[in-house]
1. What single numbered condition from (1) out of contact with any Ser or Thr (no Cβ under 6 Å at 6 or more places or on another chain); (2) at pLDDT below 95 fails to hold for residue B:301?
2. Please find, among B:98, B:103, B:81, the residue that is among the charged types (D, E, K, R), at pLDDT 95 or above, under 21 Å from residue B:187 (Cα atoms) and assigned by TED's automatic domain parsing to the domain that holds residue B:144.
3. Would it be correct to say that residue A:143 is within 22 Å of residue B:46 (Cβ to Cβ), crowded, with 22+ Cβ neighbours inside 10 Å and in the same structural domain as residue A:302 (by TED's automatic domain parsing)?
4. Starting from region B:1-29, take each residue that is more than 18 Å from residue B:43 (Cβ to Cβ) and list its partners that are near DNA strand D (Cβ under 8 Å from one of its atoms), counting only C-beta distances under 7 angstrom and pairs at least six apart or across chains.
5. Please verify whether residue A:93 is within 11 Å of chain B (Cβ to nearest Cβ), buried (at least 20 other Cβ atoms within 10 Å of the Cβ), outside any loop (DSSP other than H, G, I, E, B) and not acidic (Asp, Glu), treating the condition exactly as stated.
6. Please note which helices (runs of 4 or more DSSP H) are completely contained in region A:159-277 and include at least 3 residues that are polar (S, T, N, Q) and under 25 Å from the mean Cα position of the chain (by Cα).
7. For the subset of region B:25-68 comprising residues that are within 12 Å of chain A (Cβ to nearest Cβ), over 30 Å from residue B:136 (Cβ atoms) and of a type outside the set (Lys, Arg), which member is nearest to DNA strand D (Cβ to nearest atom)?
Protein chains: 2
Amino acid sequence: MRDVAALAGVSLKTVSRVVNEEAGVSPDVRERVTAAVQRLDYRPNLAASNLRRTGARSGLIGALVQDVSNSFSAGLLRSLEDAARSHRTGVLAASLDEGVDREQELVHDLVTRRVDGLVLMPASDRQDYLVAELRTGTPAVFVDRPPRGVDVDSVVIDNLLGGRMAAEHLLDRGHRRIAALFHLPTLTTAQLRREGFTAAHTDRGLRPDPRLVVDGVASTDEASEVVHRLLDLDDPPTAVFAGRNILASGAVRALRERGVHHEVALVGFDDFPLADLLDPPLTVVRQDVTKIGRLVAERLFARIGGDTSPPQHLVVDPTLVSRGSGEIPPRA
Amino acid sequence: MRDVAALAGVSLKTVSRVVNEEAGVSPDVRERVTAAVQRLDYRPNLAASNLRRTGARSGLIGALVQDVSNSFSAGLLRSLEDAARSHRTGVLAASLDEGVDREQELVHDLVTRRVDGLVLMPASDRQDYLVAELRTGTPAVFVDRPPRGVDVDSVVIDNLLGGRMAAEHLLDRGHRRIAALFHLPTLTTAQLRREGFTAAHTDRGLRPDPRLVVDGVASTDEASEVVHRLLDLDDPPTAVFAGRNILASGAVRALRERGVHHEVALVGFDDFPLADLLDPPLTVVRQDVTKIGRLVAERLFARIGGDTSPPQHLVVDPTLVSRGSGEIPPRA
DNA sequence: CTGCCAGGTGACAACGTTGTCAGGCCACAG
DNA sequence: CTGTGGCCTGACAACGTTGTCACCTGGCAG
């Protein structure tokens with residue numbers, strides 16, 4: 001900047017004025033400075049600028065997701081990126097892999113980096129630690145899972161409704177023995193999906209067979225094993241509800257291995273690419289990632305802009321996408 | 001920091017020393033400062049610190065990929081993230097969507113932000129503009145597509161070999177009429193895959209039917225149309241090679257729609273989740289994203305660390321994953 | 001007792017930028 | 001001619017931190 005000022009024969013402050021497009025610089029000076037900037041390939045130092053400016057922003061938001069490479073997280077990040085771009089803001093993303101310690105570390109790191117805001121798909125049960133972090137004034141928005149121990153904005157889908165929709169879809173088609181696989185019951189999302197599943201039965205005066213409802217299924221392989229086991233029962237299920245995207249893959253594999261993929265109905269939770277190319281195409285309860293990302297960004301940038309209204313907890317309705325696997329009728 | 005110094009009854013510099021774990025501070029002073037830091041919830045300002053320190057790093061690398069939400073890019077980012085973590089560095093990712101202008105803008109933005117390094121999956125044909133950007137000393141590594149107009153490190157797969165492997169796999173199984181779909185011929189990757197495909201034929205004294213080789217297929221839907229059209233020929237292909245992941249989806253759909261998915265062989269390029277759950281499971285030429293990401297990070301951090309050796313152009317061999325669709329024999 | 005050294009500490013300048021304010025110039029009204 | 005006001009411009013301090021160097025203290029050798 002000093003060099004630019006020297007070359008243009010003006011003071012530092014004038015260069016600053018030109019670079020920041022402030023009013024009140026005569027056209028010829030402006031031109032001289034612009035030329036010097038070009039010639040010397042000068043780039044303002046954002047860090048120094050932020051340091052001096054009062055209430056300056058880093059132009060960065062942090063996003064902690066379960067895994068950058070899984071399709072749900074990746075889609076969310078993409079949606080955030082698009083929204084952030086219009087605020088001239090970049091997205092600094094990191095994967096938690098359900099690591100509770102990692103979550104705390106990364107939040108601390110991001111706050112120290114002075115990100116303008118935080119998007120959090122938490123791995124932890126409770127986030128009391130956040131209270132101290134957020135005292136610095138960094139706003140945070142939760143996504144996919146609601147906050148506990150700290151009251152901030154959140155955007156989640158209606159998991160209760162999602163579970164209910166899946167069960168109703170199958171019950172309406174005559175299924176009475178529906179297996180259901182869920183993730184760890186400590187997770188609110190899994191719990192609500194399970195409740196919705198049960199509620200759909202109760203509404204119709206039915207009761208799910210407890211042996212067919214399995215909690216704590218954590219991986220694709222486990223899901224596959226569980227489905228195999230359930231199909232071995234004397235009175236096997238005629239339909240399966242996989243309460244999470246990776247569990248659906250396991251279920252598909254197991255049904256395929258048994259050769260019953262055209263006989264046992266299957267509904268998954270969370271859509272994924274190619275679900276429509278499976279045989280039969282997979283019926284799923286879909287979360288609209290793009291919309292969720294948009295809402296998250298909306299809340300976050302409102303907070304960054306100074307919104308101090310009470311925290312909002314937005315709930316997005318899932319939709320059921322019928323593709324074939326969920327419309328298989330029960331075996332006679 | 002001033003407050004911490006006041007509370008601990010020491011000078012600013014001493015606080016700095018304690019925070020940076022420098023030697024030569026008496027234990028009791030260290031303790032007093034640490035306590036004050038805790039009590040006031042003090043966080044060092046990284047930007048200010050970097051400003052003062054000579055040759056300080058921002059602890060950020062920029063990664064420009066085709067689309068953060070596509071499985072190849074997302075996998076790559078994840079691999080980069082893991083490597084960057086061990087260098088206490090964050091990954092700032094953005095999507096190009098094949099936008100050439102966007103590429104230039106974003107690169108400029110990232111360099112101005114003083115990222116420590118740049119990972120680029122370019123959308124542009126040539127990157128002459130980079131020469132000026134890199135004069136600031138920011139190292140860059142290209143991935144998936146080689147640099148043109150600027151000489152920097154790159155990591156790509158052997159696309160020629162990949163195309164050849166796919167063709168050989170099908171030729172070895174007796175196929176003689178193999179359709180092939182490629183992306184824009186202006187892209188080096190597409191061009192090389194095509195050349196490999198042709199070379200495999202030539203090696204065996206064969207020649208691909210030019211009517212079966214289609215360039216410029218840009219989307220899933222287009223791929224589907226093209227396959228339909230080729231199957232309408234009097235002498236239709238007995239196998240299809242889809243030269244890019246999204247083209248494979250289109251091909252699968254078309255074959256499925258014609259009900260010939262168990263009669264016409266199919267080999268895709270680029271693996272994707274669930275490819276093994278399709279019917280028949282999809283045979284693909286796979287790029288090892290994790291390895292590619294690791295190599296990219298290795299080169300980049302070597303450069304950041306001061307490596308000034310001549311640019312390296314690493315080529316990773318693809319592997320062929322046989323799953324079923326590629327092993328269908330030609331119709332009698 | 002003096003001189004020296006090592007260890008601990010602080011004052012000050014500097015990093016690259018911008019907010020504040022003062023000053024110079026010119027046009028125009030009185 | 002003088003005074004007033006508006007338009008440009010620059011000097012200076014400040015943002016939060018760290019590198020440099022000087023200072024102080026106490027211990028120990030001569």
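The values are calculated or read from the model by the stated rules, or taken from the named source; none is laboratory data. All values reported here derive from a predicted model rather than from experimental measurement. Glycine gets a Cβ as well: all are built from the backbone with ideal geometry, and neighbour counts include every protein chain shown.
1. (2)
2. After applying the criteria, what remains is B:103.
3. Here the answer is no, as residue A:143 does not meet what is asked.
4. Pairs that qualify, where the first residue is more than 18 Å from residue B:43 (Cβ to Cβ) and the partner is near DNA strand D (Cβ under 8 Å from one of its atoms), are B:25/B:17.
5. Answer is yes for this residue.
6. Working: elements: A:159-172, A:188-203, A:220-231, A:245-258.
The qualifying helices (runs of 4 or more DSSP H) are A:188-203.
7. The residue in question is B:42.
Table: residues versus (1) buried (at least 19 other Cβ atoms within 10 Å of the Cβ); (2) within 11 Å of DNA strand C (Cβ to nearest atom); (3) in contact (Cβ under 8 Å) with a residue 40 or more places away in the chain; (4) under 23 Å from residue B:128 (Cβ atoms).
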position: B:40; (1), (2), (3), (4): no, no, no, no
position: B:49; (1), (2), (3), (4): no, yes, no, no
position: B:53; (1), (2), (3), (4): no, yes, no, no
position: B:57; (1), (2), (3), (4): no, no, yes, no
position: B:67; (1), (2), (3), (4): no, no, no, no
position: B:75; (1), (2), (3), (4): yes, no, yes, no
position: B:113; (1), (2), (3), (4): yes, no, yes, yes
